[in-house]
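S.K.: Pasting in a structure now, in structure tokens, and then I'll have a few things to ask.
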Amino acid sequence: MINSISPLDADNSGILVFKDLHKRFGDIAVLKGVSGKLVPGQISAFVGPNGAGKTTLFQLLTGELKPDRGSATLNGQNILGSSPYRLAGRGIGKLFQDVRAFPNLSILDNVIVAIVARQSYRDKPFDFGLVRNGRSQVLAKKAREYLSRVGFDANEEALAKNLSWGNQKLLALARLLAGEFRCVFLDEPIAGISTLMANRMVPLIRELAEAGVAVALIEHEITFVESLANDVIVMNEGVVIDSGSASEVLSHAETREICLGL
Amino acid sequence: MNLLLQLLANGIVNGAMFALLAIGFGLVYRSLRVFHVAYGACFVLSAFVYYLLVTCGGWPWWLAGLGSIATSAAIGTLMEAGFYWPFYRRRISSEAVLVASLGLAIMLENVMALLFGNEVAAIPRGLSQSVTLGPVRLTMIQIAQFAICTSVASAVFLLLRLPSFKIVLGMGENTELVQTLGHSLPRYRMLVLGLASGIAAVPACLVMTDVGMDVHAGMSYLLIAAVAVLAGGVARAPGWLLGAYLVAVLQSVVIWKFSAKWTGLVAFALLLAILLFRREGLVGLHKRKEEG
């Protein structure tokens, strides 16, 4: 029975540990005590029906929302209540569900902005980097490397707003790579893109994990989850109802039926 | 014909000053998405700081100019930290922020009227030397206005090309993404307001040195800056320059056929025409067909 499955054990051995997170929007309790951990080098997939609280959980852990109750630590240090830019400075990155870019900046500049951010917060947190980042050719070269890593083949001087949806996803991934985060949250990375494009993203996400990054992703596409995730956390109505290794969790018939509609 | 050329030359000199005004306004509007109505009051305030430093403090013009720029930049930074940022944090609508900014402008204007009176203030100067270039005669002050404003505008454009300033431009397009990448939004917002206010102080000091200014002039200068940015195209900084020169030249040339009292109408007419026939501005970005 689903109800007999205990929630993910939230010990302190992971890079990012969250315990007993609660969040309400008015009368609606969206999260009712969610716990878990994200481990370096591991891909953890959060699955469940719409309204399960997955995106809200990601928003809490990336600083977009504040929880009503609970704790979350990154290497033992509290991260709840910090603003998104401070969390980014501490190595937490995010790929938004709805593709986001700087539409009127070029593709290259979109990546450069991520590199400048990383350099600013890692080198001198209180420096605007106005002079130090003046060597734009060096930055452009680095940005091209990231674009090349994701297999980007569009004109780098084109405005981001003119890219197709799939290419905007790739651009977002290039920007995420450029940020060199230690822990990344990917909210439905392949939603709305072709199978071909999705297949291009799988090895890139795997590469991130292999480089020691803790990857958390929300995904409804079960084949994508099966091919990528080490761990699966199943959520429904604001609680974790199942968790464990991907092969184990996805073999639970009830989990597949309730959460994945299979 | 000679008169037209003279008016064109005057327009170009004014255009250089309007361009700086537009760059400051455009930076705030483009990157913070704030219609900074108090910008006009800030412009006037920096002119009066310059006036005080020269007439009461006895400072040399260049030092007083630097003092005015620094003061204006500090006021702009404080304006962001103490006024606009609290609105932003509470997710107050842009319309409400615009009205609040108008309130701030009126408050500043009234405070300045109390301090400096309602009369036009100008830096006392003797008859200015002039230079004749064919049919065109320019005073030394006009030449200084053009040279200083063009130099500052060029420096600002070089600054905008720095990678760090791409964040400033990106900030207006996707604030959340800027933060998620690790950029401190409060710091960059303060930087923009401080820079914009500092830039506005340059033409303010030059106007004060030339024709002078009264404390109620802010709104008309704000209008010029806003029209230049909206007509030129919000998305591209070169458009702000084009808009500024266009407003200035049209204002100047209208005297040729009509009367000086019609110059104020020019800005409105230009804005209406651009909004009706080319809403993305003169140097607007081309959109994908599906964007409409």
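S.K.: Could you give the Stokes-Einstein D for region B:230-277 in µm² per second, using the C-alpha Kirkwood radius, 37 °C, 0.692 mPa s? Mind showing how you got there, number by number?
M.R.: On the way: Rh = 11.0 Å.
Diffusion coefficient, whole number: 297 µm²/s.
S.K.: Compute the normalised compactness of region A:35-80: alpha-carbon radius of gyration over 2.2 N^0.38 Å, N being the residue count. Numbers along the way, then the final one.
M.R.: Working: Rg = 11.4 Å, N = 46, 2.2 N^0.38 = 9.4 Å.
Against the compact-globule rule of thumb, the ratio is 1.21.
S.K.: Suppose R0 equals 56 Å; then what is the FRET efficiency for A:GLU180 and B:VAL99 from their Cβ-Cβ distance, rounded to the nearest 0.05? Write down the numbers at each step before the final one.
M.R.: On the way: r = 43 Å, r/R0 = 0.77.
Calculated transfer efficiency: 0.85.
S.K.: Taking the DSSP beta bridges in region A:154-262 as the whole, what percent of them are antiparallel, to the nearest 5? Kindly include the intermediate steps, with their values, before the conclusion.
M.R.: Values: 6 of 11 bridges.
The antiparallel proportion sits near 55 percent.
S.K.: So what's the back-of-envelope 222 nm ellipticity for the protein assembly as shown, counting only DSSP H runs of four-plus at -39500 (n - 2.57) apiece and dividing by all residues, rounded to 500?
M.R.: That calculation yields -18000 deg cm²/dmol at 222 nm.
S.K.: Taking the Cα centroid of region A:45-68 and of region B:153-221, what is the distance between the two, rounded to the nearest whole Å?
M.R.: 37 Å
S.K.: Within region B:62-126, report the GluC sites (Glu not before Pro) that DSSP leaves as loop and that have at most 11 other Cβ atoms within 10 Å. Kindly include the intermediate steps, with their values, before the conclusion.
M.R.: Numbers: sites: B:GLU80, B:GLU95, B:GLU109, B:GLU119; in loops: B:GLU119.
For GluC sites (Glu not before Pro) across region B:62-126 that sit outside H, G, I, E and B with at most 11 neighbouring Cβ atoms in 10 Å, the list reads B:GLU119.
S.K.: Over all directions, the average projected area of the alpha-carbon convex hull for region A:156-223 comes to how many nm²?
M.R.: Numbers: hull surface 19.6 nm².
Mean orientational projected area (region A:156-223, Cα hull): 4.9 nm².
S.K.: Let me ask you something else. Can you list the equivalent-ellipsoid semi-axes of region A:211-253, largest first and in whole Å, using the square root of 5 times each Cα gyration tensor eigenvalue?
M.R.: On the way: eigenvalues 59, 34, 21 Å².
Rounded to whole Å, the semi-axes are 17, 13, 10.
S.K.: Just to be sure I understand the model, the point goes 7 Å from the Cα along the line to the Cβ. What's the resulting B:ASN118 to B:THR55 distance in nm?
M.R.: Result for the modelled spin labels: 1.7 nm.
S.K.: For A:GLN42, which sequence-distant residues (separation of 5 or more, or a different chain) have an amide H within less than 5 Å of its own amide H, given hydrogens modelled in the peptide plane?
M.R.: For A:GLN42, the qualifying residues are A:VAL215.
S.K.: When DSSP beta bridges are limited to those with both residues in the protein assembly as shown, what percentage is antiparallel, rounded to the nearest 5? Please list the in-between numbers first.
M.R.: Numbers: 27 of 44 bridges.
Beta bridges within the protein assembly as shown, antiparallel portion: roughly 60 percent.
S.K.: Moving on to the next point. Using a 1.4 angstrom probe on protein heavy atoms only, which residues from region B:145-172 are buried by at least 40 Å² of accessible area when all chains are present rather than their own chain alone?
M.R.: Residues passing the criterion (a loss of at least 40 Å², heavy atoms only) are B:LEU162, B:PRO163, B:SER164, B:LYS166.
S.K.: Let me ask something additional. Taking the convex hull of the alpha carbon atoms in region B:78-237, what volume per residue do you get, in Å³?
M.R.: Values: hull volume 23.5 nm³, N = 160.
Once divided by residue count, the hull of region B:78-237 is 147 Å³.
S.K.: Based solely on C-alpha atoms, express the radius of gyration and the Dmax of chain B in angstrom.
M.R.: Cα-based Rg and Dmax for chain B come out at 19.0, 61 Å.
S.K.: Need one number: the % of Cα-Cα pairs in region B:25-74 sitting beyond the 15 Å mark.
M.R.: Details: 603 of 1225 pairs.
For region B:25-74, the share of Cα pairs beyond 15 Å comes to 49 percent.
S.K.: A further question follows. Do me a favour and compute the ellipsoid semi-axes for region B:1-109 from its Cα gyration tensor, root of five times each eigenvalue, largest one first, whole Å. Don't skip to the end; give the middle numbers.
M.R.: Working: eigenvalues 173, 90, 25 Å².
Calculated on Cα positions only, the semi-axes equal 29, 21, 11 Å.
S.K.: Kindly tabulate the residues in region A:87-118 with an accessible-area decrease of at least 30 Å² between the chain alone and the assembly of all protein chains, using a probe of 1.4 Å.
M.R.: Buried on complex formation: A:PHE96, A:ARG100, A:PHE102, A:ASN104, A:LEU105, A:ASP109, A:VAL113, A:VAL116, A:ALA117.
S.K.: Right, next: Given the C-alpha atoms of region B:74-119, compute the convex hull and give its volume per residue in Å³. Show your work: numbers first, answer last.
M.R.: Details: hull volume 3.4 nm³, N = 46.
Hull volume over Cα atoms, normalised by residue count, gives 74 Å³.
S.K.: Evaluate the Debye formula for region A:135-262 with equal point scatterers sitting on the alpha carbons, no solvent, and hand back log10 of I(q)/I(0) at q = 0.13, 0.17 Å⁻¹, in q order, two decimals.
M.R.: So the normalised log intensities work out to -0.61, -0.93.
S.K.: Please enumerate, by chain and number, the lysines with C-alpha under 27 Å from the C-alpha of A:LYS161, excluding those fewer than 8 residues away in the same chain.
M.R.: A:LYS94, A:LYS141, A:LYS142, A:LYS169, B:LYS166, B:LYS287, B:LYS289
S.K.: Follow-up. In 10 Å bins starting at 0, how do the alpha-carbon pair distances of region B:188-265 split up by percent?
M.R.: Spelled out bin by bin, region B:188-265 gives 16, 42, 35, 6, 1 percent.
S.K.: Moving on to the next point. So for chain A: antiparallel DSSP bridges make up what percent, rounded to the nearest 5?
M.R.: Working: 22 of 39 bridges.
Roughly 55 percent of the beta bridges in chain A run antiparallel, per DSSP.
S.K.: Right, another one. Nearest 100 Å² is fine: how much accessible area is buried between A and B, summed over both sides, with a 1.4 Å probe? Before the final figure, lay out each step's value.
M.R.: On the way: alone 12280 and 14580 Å², together 23960 Å².
It comes to approximately 2900 Å² buried between A and B.
S.K.: If I take R0 = 22 Å and measure r between the Cβ atoms of A:GLU226 and A:GLN97 in this structure, what FRET efficiency does the formula 1/(1 + (r/R0)^6) give, to the nearest 0.05?
M.R.: Numbers: r = 21 Å, r/R0 = 0.94.
Using R0 = 22 Å, I get an efficiency of 0.60.
S.K.: A further question follows. For A:GLU188, what charge total do you get from the other residues with a beta carbon under 11 Å from its beta carbon, if Lys and Arg give +1 and Asp and Glu give -1?
M.R.: Details: positive: A:LYS54, A:LYS169; negative: A:ASP98, A:ASP187, A:GLU219, A:GLU221.
In short, -2.
S.K.: Can you compute 3J(HN,Hα) from phi for each residue in region A:23-33, using the Karplus curve 6.51 cos²θ - 1.76 cosθ + 1.60 with θ = phi - 60°, rounded to whole Hz and x for Gly and Pro?
M.R.: Whole-Hz 3J(HN,Hα) from phi for region A:23-33: 8, 10, 10, x, 8, 9, 8, 8, 10, 10, x.
S.K.: Any chance you could list P(r) for the protein assembly as shown, counting all Cα-Cα pairs in 10 angstrom bins from zero, rounded to whole %?
M.R.: Result returned by the calculation: 4, 16, 23, 21, 15, 11, 6, 3, 1, 0.
S.K.: Turning to a different aspect of this structure: Can you give the local net charge around B:HIS36? Use residues other than it whose beta-carbon is closer than 13 angstrom to its beta-carbon, Lys and Arg +1, Asp and Glu -1.
M.R.: Numbers: positive: B:ARG30, B:ARG33, B:ARG189; negative: B:GLU80.
Result for the neighbourhood of B:HIS36: +2.
S.K.: Right, here's the next one. In the P(r) worked out for chain A, what percent of Cα pairs fall beyond 30 Å? Let's see the in-between values first.
M.R.: Numbers: 9692 of 34191 pairs.
Value for chain A (Cα pairs over 30 Å): 28 percent.
S.K.: Using θ = phi - 60° and the Karplus relation 6.51 cos²θ - 1.76 cosθ + 1.60, list the HN-Hα couplings for region B:50-57 in order, rounded to whole Hz, with x at every Gly or Pro.
M.R.: Per-residue couplings from phi come out as 4, 4, 5, 5, 7, 7, 8, x Hz.
S.K.: Right, next: Ratio of alpha-carbon Rg to the 2.2 N^0.38 Å globular estimate for region B:156-292, to two decimals, please.
M.R.: Numbers: Rg = 17.5 Å, N = 137, 2.2 N^0.38 = 14.3 Å.
Working it through for region B:156-292, the quotient is 1.23.
The values are calculated or read from the model by the stated rules, or taken from the named source; none is laboratory data. These figures come from a predicted structure and were not determined experimentally. When we count neighbours, we look across all protein chains shown, and the Cβ atoms used for this are built from the backbone with ideal geometry, even at glycine. Note: areas computed on protein heavy atoms with side chains; ligands, DNA, RNA excluded. Shrake-Rupley method; radii C 1.70, N 1.55, O 1.52, S 1.80 Å.
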